[in-house]
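What follows is a single structure, written as structure tokens, with notes after it.
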Amino acid sequence: HGDHDDDRAAKYRPKDEVEEGRSRDPIAVMKRQLVALGHMTKEEAEQHLAENKGAGEVTDIDFPEEVVAYLNEGVQYAIKSPLPEAEEGGMWVFKEVE
């Protein structure tokens with residue numbers, strides 16, 4: 001997520017720059033590609049419209065049920081998992097150098 005998710009960017013970026021950034025949203029780009037390749041109809045692509053909503057405005061109904069279920073499963077796994085050891089805190093953050 002970033003400032004392209006809501007209207008905070010409009011406070012310090014020109015409107016056309018914000019819109020250009022939103023047009024590069026990976027989900028929106030993938031939907032356009034799937035429609036162009038014939039794997040999805042335009043109606044299917046527009047069925048779940050989380051794009052152009054602020055992060056606080058998006059709810060489960062903005063996504064397909066199977067996506068919500070998959071994400072909820074991952075969240076529950078993370079909640080039930082033990083906390084990592086302190087020395088693991090910096091792992092996988094930067095490229096490991098020998």
### Task
Can you confirm whether segment 66-76 contains a residue that is surrounded by fewer than 10 Cβ atoms within 10 Å (Cβ to Cβ) and modelled with pLDDT under 85?
no
### Task
Among the candidates E44, E57, single out the residue that is surrounded by 11 or more Cβ atoms within 10 Å (Cβ to Cβ), of a type in the set (D, E, K, R) and assigned to a helix (DSSP H, G or I).
E44
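The values are calculated or read from the model by the stated rules, or taken from the named source; none is laboratory data. Owing to the predicted nature of the structure, the values given are computational and were not obtained by experimental measurement. Don't worry about glycine lacking a Cβ; one is built from the backbone with ideal geometry, like all the others, and counts go over all protein chains shown.
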